[in-house]
Amino acid sequence: MIKKTVLALLAAFCVLTVGGCHSHVHIAGESVEENRIEPTCTEKGSYEIVTYCRDDGVELSREKYDIPPLGHDYVEHPALYPTYCDEGYGWYMTCTRCDYSNYSVLPRKQLVLNPKTYPTTIPTITITVGGAHIPDSSEPGYDDYCDSTLKYSDGQNSFIDGFGKARVRETSSSLFGKKDYTIKFSFDASIRGYRRSQKYNLLASYMDPTLLREYLAMQISRDLNLYEEKYSANIKPVKLYIDSTYKGIYYLFDYIEASELKINLAETTEENKSPFLLEMDLSAHEAGVEGVDYFVLGSTDAFGSETDIEYKLNAPETVNFEQFQFIENYITRCRQALIDKDLETFSSLVDVYMFIDYFLLAELFHNTNVAGYSTYLYLRDFDRKLIFGPANNYERTCSRPYQLGPNTDYTLNNAQERFINYDFWKLFLEIEGADELIARRYTYYFRPIIEYELNEAELYYDCYKDLIKENADIWYTEIGDRNALLSDNYQWIFNYFSLRKSMFDSLYYRP
Ligand SMILES: [Zn+2]
Ligand SMILES: [Zn+2]
């Protein structure tokens, strides 16, 4: 730089006689900058410093200087992890100045649906009551249960509880020949495949001679929850004995409740709010006080006439007035968001995919019951969203009429009719954008799971068909040809679900 300036000055003192008329000594004027090219994030820039003669403007010197690249002005963006339905992206950076970005798509998570294995022997449960009467919910002794010796054995593990209890489960099954039971151990019993618990249910699946419907629904529900790392109730076939009488095949089913190993509600010291587990139950008013044990919100016409929907507080056992208000308000806000067609607010309060799963399953099985009963909703903690589920009570499904005997109606008339008479679901379906969400969930998550479980149901039936026939021989003596009863029901179930699936495909399958 200095050297160049000296040269420029020397040049200025040179005698120039361009026209030959007279001599002139150039005198350098002030240096000026020319031809500036601004650098970018990645390309260098430059400028020139030029000196002209102060008097005649003759260029005396020109020097070019580089300007180094600026480098990117980074902004960091956190990753969005993919789900089974949506692609995501990794942690990435962009630049405030240019369009630099190292954004990269993370593909949708893939469901891994492995073939199941079915053990050839199934566990045995024995309820010994010494001939005593096991009470149902219409009887005064119901809450005290019936003293029982409970025995469980699965070939590898077995235990006996001399201080167990049993009662008929509180469902319409109390009217059937084969009843559901709830058993209660005197300790948290550990049964393989189940969350350690004092209480378990034994489901009769009486209306379905193949014993497939309720089992299939719960298997699908289990998958839907499992892959989302949410709790769902387990279900497995067992042989049941009451005293020494063999009662056929029952399903050992989780007793759904808020507990550390099941629906684990956060401990809270908040005075004016509380995590909660609610159960939709149209008969909540019979045993509870409005505003304390239950609240009323919305209505349903699923049972003939328009009926108010009651939400029963299942857990915590007691809450104060403000906490109850918080719970009621939470559900009211969720519903109001749907009325306002405000998907954004609804999604901020409710786990929408779990919500879609819950009602798609109810619709797939045409479960009318879920319109007013047996729907669980829970908020585990204040930084989480409301979950609809786990699914429960799928005995009376597939648009079968209510009857006190096994299914003998093989019509498929309404197998392709929607059933949307669920208060929340009906409102949700009217929102713009809901359709697209349902389609994504159905295509990438729900549909592969139902295909897988329908296939597994065939294998399951094949494995246990002798036991299922034995069960039919115990319970359906009024029907002469029980082989036909089973094969007709079996055919009908798979035809029914094939039609339902094609209905859903036409609505929501968009690969
Ligand atoms: Zn000059
Ligand atoms: Zn840049």
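Table for the structure above
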quantity	calculated
Length released on extending from Gln336 to Ala266, taking residue separation times 0.36 nm less the Cα-Cα span	22.6 nm
Selection of GluC sites (Glu not before Pro), the stretch 444-506, meeting DSSP coil and at most 13 other Cβ within 10 Å	Glu478
Cα centre as origin, Lys/Arg/Asp/Glu Cβ charges: the chain dipole, Debye	1480 debye
Cα long-axis angle, helix 352-364 against the chain (0 to 90 degrees, to the nearest 10)	40 degrees
Among Ala472, Phe504, Tyr460 - extreme Cα towards positive end, dipole of the stretch 457-511, charges at beta-carbon	Phe504
The chain: angle of helix 321-339 to the longest principal axis, Cα-based, in degrees nearest 10	70 degrees
5 angstrom amide H check on Leu386, placed H, neighbours 5+ away	Val350, Asp351
Cα long-axis angle, helix 482-508 against the chain (0 to 90 degrees, to the nearest 10)	20 degrees
Stretch gain in nm, segment His24-Glu451, where the contour uses 0.36 nm per residue and the Cα spacing is subtracted	143.9 nm
Over 19 Å between alpha carbons, listed pairs Lys230/Lys426; Lys184/Lys239; Lys273/Lys341	Lys230/Lys426; Lys273/Lys341
Within the stretch 192-289, trypsin sites (Lys or Arg not before Pro) in DSSP loop having at most 14 other beta-carbon neighbours inside 10 Å	Arg192, Arg196
Shape box of the stretch 267-356 [Cα atoms, principal axes, largest first, Å]	34, 33, 20
Karplus-derived HN-Hα couplings along the stretch 425-440 (A = 6.51, B = -1.76, C = 1.60, θ = phi - 60°), whole Hz, x at Gly and Pro	5, 4, 5, 4, 4, 7, 7, 5, x, 5, 3, 5, 5, 4, 4, 5
Pairwise label distance in nanometres, Leu106 with Thr120, each label 7 Å out on the Cα-Cβ vector	4.5 nm
Enclosed volume per residue, in Å³, of the convex hull spanned by Cα atoms of the stretch 194-270	117 Å³
J(HN,Hα) series, the stretch 192-207, from Karplus relation 6.51 cos²θ - 1.76 cosθ + 1.60, nearest Hz, glycine and proline x	3, x, 10, 6, 3, 7, 7, 10, 9, 9, 10, 9, 7, 6, 5, 6
Separation between Cα centres of the stretch 244-259 and the stretch 327-370, rounded to whole Å	30 Å
Dipole magnitude of the stretch 339-482 about its Cα centre (Cβ charges: Lys, Arg +1; Asp, Glu -1), debye to nearest 20	160 debye
Low-density loop cleavage sites - GluC sites (Glu not before Pro) in the stretch 200-285, where at most 14 other Cβ are within 10 Å (DSSP)	Glu229, Glu260, Glu267, Glu270, Glu271
Virtual spin-label span in nm between Arg384 and Val292, 7 Å along Cα→Cβ	2.9 nm
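Any read-out appearing in this document is the output of simple, stated calculations on the displayed coordinates, not a laboratory observation. Since we're looking at a predicted model, the values are computed, not measured. All Cβ positions, glycine included, derive from the backbone under ideal geometry; neighbour counts span all protein chains shown.
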